[in-house]
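Only one structure is covered here, and it is reproduced in the block below.
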Amino acid sequence: MNLTAGQRDALTELINIGVGHAASTLNCLINHKIRLSVPGIEIVTVENMKHNPTINAMSSAASVSMKFQGDFDGTATLMFPLESARILVGVLIDEEVDSTELDDLRSSTLAEVGNILLNGVMGSLSNMLVSKLDYSVPVYQEKWIQSMPVHQLAETVLIARAHFYIDDLCVEGNVMLFFELKAFDALIAAIDERVLA
Amino acid sequence: MKEQPTGGALSRTDQFPLLDHIGSGILAIDRDATIVLWNKNMEQWCGQSREQVLGQKLFELFPNTNADVFKIRIEQVLTGGAPVIFSAQLHHHMIPCLLPNGEYRTQLVTVTWLEDHQIALFSIMDQTEHVRLIEQYKTSARSLKAELDQRLKLENKNMQLATAIDQAGEAVVITDVDGRIEYANQSFVDQTGWPIDEIHSIDYFDVLIDKSDDNFSDQLKLSVKAEESWVGRQQLIRKSGSSFIASISIAPI
């Protein structure tokens with residue numbers, strides 16, 4: 001789907017507002033100053049997603065997913081390359097994490113970080129849409145995104161590359177929002193009506 | 001204020017009797033943060049009965065939940081927001097539940113808004129044993145790693161020593177107490193003419209010591225068995241049958 005420059009900027013801004021809220025929440029939690037930014041977004045079809053260089057760069061990933069239903073349906077996923085996940089969790093808990101042992105406890109730490117970030121983004125979008133959504137409980141998984149059953153009904157994927165700046169460290173993850181086509185159209189229509197009008 | 005069923009309505013606890021029979025701690029609050037559900041696990045973990053807890057405000061009964069890290073996100077759920085997770089590593093616990101040893105139970109808490117019931121449901125998983133086992137595993141893993149590192153260091157050191165002995169100009173041979181050769185360095189091979197692949201099949205005292213002095217060979221064997229040292233000069237026999245005089249030092253290992 002082609003977006004106008006205005007729609008793209010508005011969507012990027014909304015997502016940045018969401019990750020800004022998430023950063024405030026994360027700052028309450030840890031001893032490090034954390035800053036989050038989403039420099040840009042991409043809109044791709046599920047079919048084309050497998051050819052996307054951002055996605056292909058992740059041979060294995062840790063992800064947190066949360067389904068949403070309401071005026072628009074879909075799945076929000078935060079996906080980290082495993083190495084980024086290891087670094088991020090290590091910084092959050094002030095402990096060096098061996099790459100081979102992203103154990104249950106650390107997985108739930110990452111699930112909480114993903115939960116905070118996705119809630120920030122989804123909160124920002126649903127506020128703008130003045131829309132009431134129901135959410136599933138976030139699920140943590142370590143597998144390749146293509147093998148996740150989350151996007152069976154989705155047709156459009158919004159990929160937002162998120163940068164986590166923690167002290168001098170920059171860790172990268174990807175926020176992916178899988179929308180059914182109608183849902184994405186509704187989102188863009190709402191942006192046209194409420195932001196760009 | 002205690003929760004009272006009104007107009008014949010069931011209390012929240014009565015509405016969800018199954019929650020008393022699951023392994024997690026369950027509590028629920030309404031939009032005003034009043035506790036409306038408290039299952040049996042919570043009673044047992046916290047030592048507070050349902051009657052004591054129902055009707056009380058969460059943020060007052062458990063003042064630690066008043067901290068921003070909890071309150072802001074719980075309030076987001078109360079306004080119909082997405083579920084929130086409070087992980088054990090970042091929070092340790094949300095609801096203080098003392099263990100017999102005086103420590104608090106480690107908890108993973110998920111808070112979900114139930115629109116149909118207008119309550120926020122807290123599902124609390126006790127991860128205390130889980131954390132203990134993971135820590136135990138990590139301690140064992142660290143200890144094994146330290147032992148492995150130490151062994152590797154020793155192996156490296158042994159390898160250095162073995163290389164030094166292998167390349168030494170003096171002949172060095174190690175035998176068992178019966179005289180069977182276990183190790184011989186290159187100099188020994190060069191001096192005696194016995195190839196390295198045959199050297200382990202020969203007996204030092206029977207094959208290499210000159211038999212013209214039977215007494216000496218037996219005495220040397222006895223010294224070795226008694227773990228005594230011996231230093232002196234002795235005639236040794238090469239594989240070819242020729243002999244040479246060697247200065248020998250024998251020491252027990």
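Rounded to the nearest 10 degrees, what's the angle between the helix B:68-78 long axis and the longest principal axis of chain B, both from Cα atoms, 0 to 90?
The answer is roughly 50 degrees.
Do any trypsin sites (Lys or Arg not before Pro) in the stretch B:30-93 lie in a DSSP loop with no more than 14 other beta carbon atoms within 10 Å, and if so, which?
Working: sites: B:31, B:40, B:50, B:57, B:71, B:73; in loops: B:31.
Hits after loop and neighbour filter: B:31.
To the nearest 10 degrees, how steep is helix B:128-166 against the longest Cα principal axis of chain B, on a 0 to 90 scale?
Compared with the principal axis, the helix lies near 20 degrees.
Ignoring the sites themselves, what is the longest stretch of chain B with no GluC sites (Glu not before Pro) in a DSSP loop and at most 14 other beta-carbon atoms within 10 Å? Could you put the intermediate results ahead of the total?
On the way: sites that count: B:103, B:115, B:170, B:227, B:228.
No qualifying site falls inside B:1-102, the longest such stretch.
With r as the distance between the Cβ atoms of residue B:158 and residue B:226 and R0 = 25 Å, compute the FRET efficiency 1/(1 + (r/R0)^6) and round to 0.05. Intermediate results must be reported in sequence, preceding the final value.
Working: r = 27 Å, r/R0 = 1.09.
It comes to 0.35.
Of all chymotrypsin sites (Phe, Trp or Tyr not before Pro) in the stretch B:20-65, which ones are in loop regions per DSSP and have a Cβ with at most 13 other Cβ atoms within 10 Å?
Values: sites: B:38, B:45, B:59; in loops: none.
Qualifying residues, ordered by number: none.
On C-alpha positions alone, give me the angle between the axis of helix B:214-225 and the longest principal axis of chain B, in degrees, nearest 10.
The angle comes out near 20 degrees.
For the stretch A:1-86, run through the trypsin sites (Lys or Arg not before Pro) and keep only the ones in DSSP coil with at most 12 other Cβ atoms within 10 Å of their Cβ.
Numbers: sites: A:8, A:33, A:35, A:50, A:67, A:86; in loops: A:33, A:50.
Loop-located and lightly packed - A:33, A:50.
Taking the alpha carbon gyration tensor of chain A, what are the square roots of 5 times its eigenvalues, largest first, to the nearest whole Å?
Details: eigenvalues 144, 68, 45 Å².
Taking √(5λ) for each Cα gyration eigenvalue gives 27, 18, 15 Å.
With a length cut of 20 Å (Cα positions projected on each helix's long axis) and a Kyte-Doolittle mean of at least -0.5, go through chain A and give me the DSSP H helices that pass.
Numbers: long enough: A:5-29 (36 Å, 0.38); A:104-129 (36 Å, 0.55).
Within chain A the helices that satisfy the rule are A:5-29, A:104-129.
Please give the net charge around residue B:79, taking every other residue with its beta carbon less than 14 angstrom from that of residue B:79, where Lys and Arg add +1 and Asp and Glu add -1. Write down the numbers at each step before the final one.
On the way: positive: A:132, B:31, B:71, B:73; negative: A:134, B:30, B:32, B:75, B:115.
Within the 14 Å Cβ shell, the charges total -1.
Ordered by residue, what ³J(HN,Hα) values in Hz, to whole numbers, does the stretch B:242-248 give under the Karplus form 6.51 cos²θ - 1.76 cosθ + 1.60, where θ = phi - 60° and Gly and Pro are x?
Once θ is set to phi - 60°, the couplings for the stretch B:242-248 become 6, 10, 8, 8, 10, 7, 10 Hz.
Find how many whole Å separate the alpha carbon centroid of the stretch B:195-213 from the alpha carbon centroid of the stretch A:154-197.
83 Å
Between residue A:136 and residue A:51, how high is the FRET efficiency from 1/(1 + (r/R0)^6) when r is the Cβ-Cβ distance and R₀ = 35 Å? Nearest 0.05.
Working: r = 28 Å, r/R0 = 0.81.
It comes to 0.80.
With unit charges on the beta carbons (Lys and Arg positive, Asp and Glu negative) and the dipole taken about the Cα centre of the protein assembly as shown, which residue among B:27, A:171, B:232 sits farthest to the positive side?
B:27
So, counting K/R as plus one and D/E as minus one, what does the shell of residues with Cβ under 13 Å around residue A:31 add up to?
Working: positive: A:33; negative: A:94, A:95, A:167.
Net of charged neighbours comes to -2.
Under a 5 Å amide H to amide H cut-off, with H placed in plane at 1.01 Å, what residues pair with residue B:174 once short-range neighbours are removed?
B:182, B:183, B:184
How much net charge surrounds residue A:88 when only the other residues with a Cβ under 11 Å from the Cβ of residue A:88 are counted, with Lys and Arg +1 and Asp and Glu -1? Show your work: numbers first, answer last.
Details: positive: A:86, A:106; negative: A:83, A:172.
Local net charge: 0.
Suppose we take every Cα in the protein assembly as shown and form the convex hull; what volume per residue is that in Å³? Walk me through the intermediate numbers first.
Working: hull volume 109.0 nm³, N = 450.
Cα-based convex hull of the protein assembly as shown, divided per residue, equals 242 Å³.
Coordinate-derived values only; no laboratory data. No experiment lies behind these values; they were computed from the predicted model shown. Cβ sites come from the backbone with ideal geometry, for glycine too, and all protein chains shown count toward neighbours.
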